[in-house]
1. Which residues, counting only those in the stretch 188-215, are part of a helix (DSSP H, G or I), near the ligand (Cβ under 10 Å from one of its atoms) and buried (at least 21 other Cβ atoms within 10 Å of the Cβ)?
2. In the stretch 236-249, is there at least one residue being farther than 23 Å from Asp331 by Cβ, among the hydroxyl-bearing types (Ser, Thr, Tyr) and in contact with a helix residue (DSSP H, G or I) (Cβ under 6 Å, 6 or more places away or on another chain)?
3. Kindly indicate the residue of the stretch 38-51 that is more than 6 Å from the ligand (Cβ to nearest atom) and touching a Gly at 6+ places or on another chain (Cβ under 7 Å) and also nearest to Gly377 (Cα to Cα) among those meeting that condition.
4. Quick one: which residue in Gly77, Gly35, Gly7 is more than 10 Å from the ligand (Cβ to nearest atom), more than 25 Å from Ile111 (Cβ to Cβ) and either in a loop (DSSP other than H, G, I, E, B) or assigned by TED's automatic domain parsing to the domain that holds Leu106 (or both)?
5. For the stretch 52-74, give me the residue count where each residue is more than 11 Å from the ligand (Cβ to nearest atom), buried (at least 19 other Cβ atoms within 10 Å of the Cβ) and outside any helix (DSSP H, G or I).
6. When you go through His21, His14 one by one, which is the residue that is under 15 Å from the mean Cα position of the chain (by Cα), in a helix (DSSP H, G or I) and at pLDDT 95 or above?
7. Quick check on my filter: what residues within the stretch 182-203 are over 16 Å from Val27 (Cα atoms) and more than 18 Å from the chain's Cα centre (by Cα)?
Amino acid sequence: MSFYEVGIVGAGVHGASAAYHLARRGVPTVVFERGERAGGPTGQASGVVRSYYTNRFLVGVARDSTAILADFDARVGGRSGYVRTGGLYLHGAGDVADVHATAAGLAAAGIGHTVLSPDDLAARFTYLNLDGTAVGVWEDQAGYADPHGTALGYATRAVEHGAVVLEHTPVREITEGAHAVRVVTGDGTRHEVGRLLVAAGPWTGPLLAQVGVTLPLTAERHVVAGLVHAPADVPRAVPYVLIDIQHGYYSRPAGAERFLLGPLAPTAATDPDDYATGITADEVDWLAARAAHRAPIRGHATAARSWASLYDVSPDWQPVTGQVGPRVYVDAGTSGHGFKLAPVWGDHVARLLIGDPDPGLAQFSPARFAAGSVLTGGYGAARILG
Ligand SMILES: Cc1cc2nc3c(=O)[nH]c(=O)nc-3n(C[C@H](O)[C@H](O)[C@H](O)COP(=O)(O)OP(=O)(O)OC[C@H]3O[C@@H](n4cnc5c(N)ncnc54)[C@H](O)[C@@H]3O)c2cc1C
């Protein structure tokens, strides 16, 4: 039977980042992944990178994570695929006061941004239909990156620092003992770990239930629609991240001709082992119509590769990260916005596991739900803004 100080269930970008930050500190770490590294929702994420958060701790995490993504090869090693495009956030009248509060948070964190009135927006974004938009914010450092490449970078560097990543190794049973956590994997092999981190995305809840921990985590199916411009339209394409809170969708470029669209609102809870991985024509049309209303040039774009995957959702759409048993920890519930946080979040998780947590992390404790102290975040239905 093997023994490691820390075991991690899940080699998505959060598990991989935590493994890297533990291993670089010299903590013997093993990662159990039932598929391949980044083979779950991480590998199907849109990769939007922004610091436009209402939660000030997350503003700082996103800011510092963006800096790492932008210099990934030098600071971690590998290819994050980060492309800085800037980001535009558009809001209706009901959000104005909250937008100014969010902008104050960006200012306090030193993040370059501009709050834009309807007149400012009309002067600067002449090709957008700005009907009903009451306020906008431009964020300088927003962009997009490659979640799959980022997670592979962390996993590869973790291994170089001595971690072991076991792919095609599902965790079947977890038993928390007085001195160790026993983990039984799919082929019946037993492992012991001093502490166990469950970072299994939408499959986290059932694993924790094995050690008597019940958390209100759900899985939601969310789509990503890819569209492609005709070459003649490329000069008038929207070359930056556009989060249209007013109309309920986000978009980001994927190179010069292609762009991705996704919805901002929650969907129904679904079974993570039985959901439609394809996207329907109605789902593409819903997103494409909104995108074309805002940016008419997008009305000429045609459908390209599109897909659906899973968000692991918490009741307040904020991460669920903390200790849930004497030797068991969780990092999940990232609710569709956890990729760009992962570079720094993994460091926070590593510090938590070695007993030196940042006090700012405490607000994301799993205990908040039982205590009735859920977090705020986002704007109306667009809680994914965090
Ligand atoms: C469609 C979509 C778009 C998104 N867009 C963005 C975006 O633009 N920006 C952003 O910041 N975030 C985005 N996200 C969210 C982001 O992808 C997640 O927050 C992040 O990937 C979560 O990473 P994770 O490592 O916690 O979980 P996951 O990626 O879910 O990884 C969990 C891993 O655990 C493994 N596992 C599960 N059960 C077991 C078991 N029993 N034994 C062993 N292994 C197990 C799984 O195979 C999986 O690899 C998006 C997500 C989706 C689905």
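1. Correct list: Gly201, Pro202, Trp203, Thr204, Leu207.
2. Checked the stretch 236-249: at least one residue is farther than 23 Å from Asp331 by Cβ, among the hydroxyl-bearing types (Ser, Thr, Tyr) and in contact with a helix residue (DSSP H, G or I) (Cβ under 6 Å, 6 or more places away or on another chain).
3. If we take residues in the stretch 38-51 being more than 6 Å from the ligand (Cβ to nearest atom) and touching a Gly at 6+ places or on another chain (Cβ under 7 Å), then Arg50 is nearest to Gly377 (Cα to Cα).
4. Gly77
5. Residues that pass the stated criteria total 3.
6. His14
7. Answer for the stretch 182-203, where residues must be over 16 Å from Val27 (Cα atoms) and more than 18 Å from the chain's Cα centre (by Cα): Arg182, Val183, Val184, Thr185, Gly186, Asp187, Gly188, Thr189, Arg190, His191.
To keep it simple, each residue is scored yes or no on (1) assigned by TED's automatic domain parsing to the domain that holds Leu242; (2) surrounded by fewer than 16 Cβ atoms within 10 Å (Cβ to Cβ); (3) basic (Lys, Arg).
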site	(1), (2), (3)
Thr270	yes, no, no
Asp273	yes, yes, no
Trp286	yes, no, no
Arg294	yes, no, yes
His300	yes, yes, no
Gly322	no, no, no
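The values are calculated or read from the model by the stated rules, or taken from the named source; none is laboratory data. Everything numeric here is computed off the predicted structure, so don't read it as measured data. Virtual Cβ from ideal backbone geometry, glycine too; neighbours counted across all protein chains shown.
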